[in-house]
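The values are calculated or read from the model by the stated rules, or taken from the named source; none is laboratory data. Note that the structure is predicted; figures quoted are calculated from it, not measured. Cβ coordinates were reconstructed from backbone atoms using ideal geometry, including for glycine residues, and neighbour counts include every protein chain displayed.
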Amino acid sequence: MAREKRSPEEQSIDPAAQQMLVRAEQIGVGTAFSRADDMSPCNIGSAGMCCKICGMGPCRLTKDGQTGVCGATLDTIQARNLIRSIAAGAAAHSDHGRDMAFTLKAVADGEAEGYVIRDVAKLRAIAERYQIRIEDRSPQDIARELAELYISQFGQQRGKVAPVARAPEKRRKLWEERGVIPRGIDREVVEALHRTHIGDDQNAEHILEHGIRTALADGWGGSMIATDVADILFGTPAPIVGQANLGVLKADMVNVVIHGHEPTLSEMIVAASQDPEIIAYAHAAGAAGVNLSGICCTANETLMRQGVPAAGNFLQQELAILTGAVEAMVVDVQCIMQALVPLAAKFHTQIITTSPKVQIKGALHIEFDEHRAMTIARHILRTAIDNFKNRGETLIPDIREDLIPGFSHEYISYMLGGTYRASFRPLNDAIMSGRIRGVAAIVGCNNPRSQHDLLHTYVTRELLKQDVLIVQTGCGAIASAKLGLMLGEAGLEQVGPGLQEVCETVGIPPVLHMGSCVDNTRILTVLTQMAEDGGLGDDIDQIPAVGLAPEWMSEKALAIGAYCVASGAYVIFGGSSPVSGMPDRVEDSDVVARYISAGWEKLYGGKLEFVPDPDEMIQRTLAHIDAKRAALGLPAYDPARFGRSGDARIRDLEELPLPERQAALYGMPNK
Ligand code: XCC
Ligand code: SF4
């Protein structure tokens with residue numbers, strides 16, 4: 001059943017994307033947008049009502065009381081499908097963390113060409129968290145011990161994964177009581193697969209409990225390891241100026257787009273691109289140099305650390321190629337569309353796969369190995385430069401926006417409290433006074449089933465008006481960046497009066513870019529510190545905060561959603577629900593949907609809901625924030641109380657004649 005075809009304006013709100021969609025139409029090539037239009041999703045599968053885990057099926061349960069051939073009930077099937085997705089997402093993030101840990105080990109052992117330990121302070125701080133001795137030891141020594149500890153977390157069979165120790169005490173106790181602390185990262189993923197094999201765990205609530213355990217192995221395990229090691233090796237992010245959107249591609253330069261997730265190779269490509277020999281090689285090829293840009297989370301990783309511009313988010317990977325100006329798109333793992341290869345074949349673009357885990361038929365495979373990273377990075381750049389002469393006609397949208405990314409946990413803490421008293425207390429105070437109503441993390445993917453970037457940016461803008469401070473990661477962060485919401489000044493006239501005062505006083509944008517998707521763990525540690533710094537209760541579930549993934553599509557998003565719920569957060573996903581059932585047609589087909597909301601809330605204080613309508617998302621977010629404020633005994637949100645201090649007050653005073661201004665400012669007699 002083909003759906004109505006949408007116009008480029010209906011497919012994306014981003015004018016740069018629209019230009020490329022027009023071009024795709026003109027040259028008659030498909031994109032994820034047109035393929036989504038051509039193929040409706042299967043309504044039974046998308047409601048979680050199809051089981052295909054054994055050869056007696058697939059079984060589609062579309063009638064009241066119907067079971068699969070084996071007798072499996074609908075709630076069992078939905079729960080199994082959901083935790084398989086959580087396990088796949090946790091596996092993806094955690095395998096990334098594993099590779100990072102192995103790289104740290106190789107660096108410590110002096111076996112990794114080109115890498116150094118860039119952030120010794122973070123290395124020491126993290127090592128101390130695990131009681132690794134830091135006195136009188138070289139960074140290499142500490143790094144080796146930390147790397148070994150981290151590597152052992154994956155194959156650990158018993159006990160608790162180490163990073164869980166960084167959660168608030170009350171939360172750890174709750175997990176302990178419920179028996180959901182992950183024993184080892186790989187063990188939980190394997191067990192999720194075992195439990196969901198035909199004829200195993202057949203109690204939906206029990207299955208979902210293991211979903212929580214598996215998700216925790218991601219958030220307070222693999223992903224946290226990935227973020228820690230990336231910071232240690234490549235530097236903990238701090239604000240830096242960057243740019244986003246397709247207009248960062250340059251007509252006179254060799255454009256190399258780095259796309260995927262792991263910073264190990266991309267950071268080395270950034271270093272190699274500054275090598276005088278490579279620059280000379282590009283000049284010899286007739287180009288003005290090598291211009292790097294990123295897509296997806298590789299973009300976030302290199303943007304927040306090196307200021308490498310982001311060409312776009314998930315749905316712009318094909319659009320970058322459509323400019324005709326990309327010599328090479330270098331990919332590693334995750335969120336890489338197979339469609340890139342046939343599309344690139346219509347241009348001169350070379351798709352280069354690099355991960356031993358990911359090959360795409362028709363792409364050039366140059367395998368990455370951290371032991372020879374610099375050599376490989378140079379080879380990749382030379383391959384791209386050699387391709388410059390094959391470039392045909394180009395069309396680069398002249399659209400890009402500045403942003404200031406790089407708000408790591410450490411930086412926000414420093415910014416709020418200074419070097420000697422780094423703390424989140426000023427943020428807590430602003431929430432307690434009601435200047436900031438609450439915090440929303442708006443994260444996650446793009447999905448061509450909805451209008452590209454619309455849900456992210458609509459929800460972000462509306463919540464800003466309501467004095468909700470926004471933190472972002474992943475493709476959602478790039479969506480806001482493209483709209484100019486991540487600049488100090490730019491967004492301020494669009495934000496509520498209290499939040500505006502805080503942003504002006506502290507000097508931050510109202511939307512903070514905190515990194516890639518594995519960096520959602522920065523949000524976990526920030527929430528933990530907010531709980532520990534006092535004034536907002538003693539656990540994450542008491543903080544007036546909500547997590548949203550308005551345009552989610554990947555299984556990783558489900559893993560993130562589940563670990564945030566287990567950590568105490570209310571999480572709202574947009575788009576379609578993989579456990580929606582069809583309650584209008586099949587009785588009780590939404591048992592699992594209700595359980596992961598009300599049921600999980602009872603157990604963990606957090607809940608997972610799927611809400612397609614953005615206004616409803618906003619309304620539920622604000623209601624939750626206000627309820628949490630009330631539970632803490634904080635004053636009800638009242639925007640009329642704020643906005644008269646800070647820059648706004650100065651502007652008002654500037655209108656006054658001098659004597660009155662002095663009187664207002666210094667209490668001098670008005671003569
Ligand atoms: Fe992928 Fe991380 Fe989703 Fe974007 S946000 S589409 S997972 S790149 Ni992670
Ligand atoms: Fe059907 Fe049961 Fe096999 Fe699933 S496990 S496909 S419900 S027979």
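Val69 is checked against (1) over 27 Å from the mean Cα position of the chain (by Cα); (2) closer than 30 Å to Glu148 by Cβ; (3) of a type in the set (A, V, I, L, M) and fails just one. What number does that condition carry?
Val69 satisfies all of (1) over 27 Å from the mean Cα position of the chain (by Cα); (2) closer than 30 Å to Glu148 by Cβ; (3) of a type in the set (A, V, I, L, M) except (2).
Any idea which of Leu485, Leu548, Leu463, Leu469 is in contact with a strand residue (DSSP E or B) (Cβ under 6 Å, 6 or more places away or on another chain), more than 22 Å from Leu603 (Cα to Cα), at pLDDT 95 or above and not in a helix (DSSP H, G or I)? Write out each step before concluding.
Numbers: Leu485 fails: at pLDDT 95 or above; Leu548 fails: more than 22 Å from Leu603 (Cα to Cα); Leu463 fails: not in a helix (DSSP H, G or I).
None of the other options fit; the residue is Leu469.
Within the range 21-121, considering only helices (runs of 4 or more DSSP H) that don't extend past its boundaries, which have at least 2 residues that are β-branched (Val, Ile, Thr) and away from ligand 1 (no atom under 16 Å from the Cβ)? Break it down into steps so the answer makes sense when it comes.
Values: elements: 32-38, 43-46, 74-108.
It comes to 74-108.
Just need a number here: residues in the range 333-365 that are within 20 Å of Leu249 (Cβ to Cβ), in contact (Cβ under 8 Å) with a residue 60 or more places away in the chain and within 16 Å of ligand 1 (Cβ to nearest atom).
4
Looking at Ile442, Ile431, which is the one that is within 17 Å of Ile543 (Cα to Cα), in contact with a Pro (Cβ under 9 Å, 6 or more places away or on another chain) and within 16 Å of ligand 1 (Cβ to nearest atom)? Explain how you work it out, then say what you get.
Details: Ile431 fails: within 16 Å of ligand 1 (Cβ to nearest atom).
Matching residue, one of Ile442, Ile431: Ile442.
Please verify whether Gly444 is assigned to a loop (DSSP other than H, G, I, E, B) and farther than 28 Å from Gly643 by Cα, treating the condition exactly as stated. First the steps, then the outcome.
On the way: assigned to a loop (DSSP other than H, G, I, E, B): yes; farther than 28 Å from Gly643 by Cα: yes.
For Gly444, the condition - assigned to a loop (DSSP other than H, G, I, E, B) and farther than 28 Å from Gly643 by Cα - is met.
Got a number for residues in the range 276-297 being within 28 Å of the chain's Cα centre (by Cα) and in contact (Cβ under 8 Å) with a residue 60 or more places away in the chain?
Filtering the range 276-297 down to residues within 28 Å of the chain's Cα centre (by Cα) leaves 290-297.
Narrowing the set further to residues that are in contact (Cβ under 8 Å) with a residue 60 or more places away in the chain leaves 290, 296-297.
Of the residues in that region, 3 qualify.
Which of (1) under 30 Å from Leu340 (Cα atoms); (2) within 15 Å of ligand 2 (Cβ to nearest atom); (3) among the small types (Gly, Ala, Ser); (4) surrounded by fewer than 18 Cβ atoms within 10 Å (Cβ to Cβ) does Gly48 not meet, given it meets every other one?
Answer for Gly48: the failing condition is (4).
Can you find even one residue in the range 283-293 that is at pLDDT 95 or above and within 27 Å of His93 (Cα to Cα)?
Of the residues in the range 283-293, the ones at pLDDT 95 or above are 283-293.
After this cut, where a residue has to be within 27 Å of His93 (Cα to Cα) as well, the list is 292-293.
Yes, some residue in the range 283-293 is at pLDDT 95 or above and within 27 Å of His93 (Cα to Cα).
Residues to consider are Ser576, Ser480, Ser589; find the one that is part of a loop (DSSP other than H, G, I, E, B), hydroxyl-bearing (Ser, Thr, Tyr), closer than 28 Å to Ser450 by Cα and within 16 Å of ligand 1 (Cβ to nearest atom). Don't jump to the end; show me each part of the working.
Numbers: Ser480 fails: part of a loop (DSSP other than H, G, I, E, B); Ser589 fails: within 16 Å of ligand 1 (Cβ to nearest atom).
Exactly one residue qualifies, and that residue is Ser576.
Mind telling me which of the residues Ala192, Ala127 ends up being modelled with pLDDT of 95 or more, under 30 Å from Ser577 (Cβ atoms), away from ligand 1 (no atom under 16 Å from the Cβ) and not in a loop (DSSP other than H, G, I, E, B)?
Being modelled with pLDDT of 95 or more, under 30 Å from Ser577 (Cβ atoms), away from ligand 1 (no atom under 16 Å from the Cβ) and not in a loop (DSSP other than H, G, I, E, B) holds for just one of Ala192, Ala127, which is Ala192.
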